[in-house]
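Undergrad: I'd like to ask some things about the structure below.
The values are calculated or read from the model by the stated rules, or taken from the named source; none is laboratory data. These figures come from a predicted structure and were not determined experimentally. Note that each Cβ is placed from the backbone with ideal geometry, even for glycine, and that neighbours are counted across all protein chains shown.
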Amino acid sequence: MAISTEESYTYYIKNFILFHNKRHPREMGVEEIRTYLTYLAVEKHVAPSTQNIALNALLFLYRQVLHLEIPDIDHIERAKRHKRIPLVFSKSEVKRIFEHIDEDYRLIIYLLYGSGLRLMECLRLRVKDVDFDYQQLVIRDTKGLEDRITVLPHSAEPRLRLQIEKVKLLHQEDLSQGYGAAYLPYALKQKYPHADRELAWQYVFPAQKRSINPQTGTIHRHHILEDSVQKAMKRAIKRAGISKNGSCHTLRHSFATHLLEDGYDIRTVQELLGHKDVRTTMIYTHVLQKGARAIKSPLDT
């Protein structure tokens, strides 16, 4: 699992035990889980996604750690799911963000908008995932644990080629100093013992400094942290004079909306975004239908 997932699971397992006055999980079961999840929804007013994370954490605890089978949990007070229309930047606003983003993060911002990537999908890109010949990016282990292909913007290609050359030089420097092994997911290290030292497996956006992997204790050069990109994005929005409370993820929403505005069919947009259900992609049609251009104000009649 991702380190962030491990941290979330640990937090909710600990919180569950504390909520029930430090009783051992073996002494508790479905009723205690139901009570805790209802508490999160009713008393803490957590988001539906947060409640689901807590549920998954507890199921992991019982099934994978304690090896106890937990039956289906019903009659849980579910956190209210608000139907929200995604925030979208206009094309002119995106252009202004490009003009004000720090140079170190410009290419990342280009790909978030130009390829419709989630931030972590972009930061986890490896050199082997960039296909210049077919003008595409291969996104591995996405939110639904499936791979997908999305477009590589022509205008980003020169910067991306230059970035990979920088990665190559940095990798050669790491190798010369006895490092240069990239983190490999799953059991690929056992299957391909020397692959971690190949350029193909290096991150396209490496961190400035090497660090210790807390899961393995090995020294790697990880990708840059998402926090630094998010802060740079906030600065660019402020400098551009945009009053919307946008984020890096708003660029992904804008990518989808602008493709639909340009006449691309919703199935194509669905595949590029990696949505399993087209109904998820349909939310962007609401942005188009409910925008100011779709309605004629009575003041103008």
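Undergrad: For the range 98-148: of the residues being of a type in the set (D, E, K, R) and touching a strand residue (DSSP E or B) at 6+ places or on another chain (Cβ under 7 Å), which is farthest from T5 (Cα to Cα)?
TA: D131
Undergrad: Next question. Mind listing just one residue for me: the one in the range 237-272 that is free of Cβ contacts under 8 Å to residues at least 12 places away in the same chain and of a type outside the set (D, E, K, R) and, of those, surrounded by the most Cβ atoms within 10 Å (Cβ to Cβ)?
TA: Q270
Undergrad: Listed residues D131, D147; which is at pLDDT 95 or above, over 24 Å from Q230 (Cβ atoms) and in the same structural domain as A200 (by TED's automatic domain parsing)?
TA: Exactly one residue qualifies, and that residue is D131.
Undergrad: Can you report the number of residues in the range 80-121 which are among the hydrophobic types (A, V, I, L, M, F, W, C), in a helix (DSSP H, G or I) and touching a Ser or Thr at 6+ places or on another chain (Cβ under 8 Å)?
TA: Total meeting the criteria: 1.
Undergrad: Then there's this: Which one of these is at pLDDT below 95 and among the aliphatic types (A, V, I, L, M): L251, L260?
TA: Result of the check over L251, L260: L260.
Undergrad: Still on this structure: Mind listing whichever residues of the range 86-127 are among the aromatic types (F, W, Y) and buried (at least 19 other Cβ atoms within 10 Å of the Cβ)?
TA: F89, Y105, Y110, Y113
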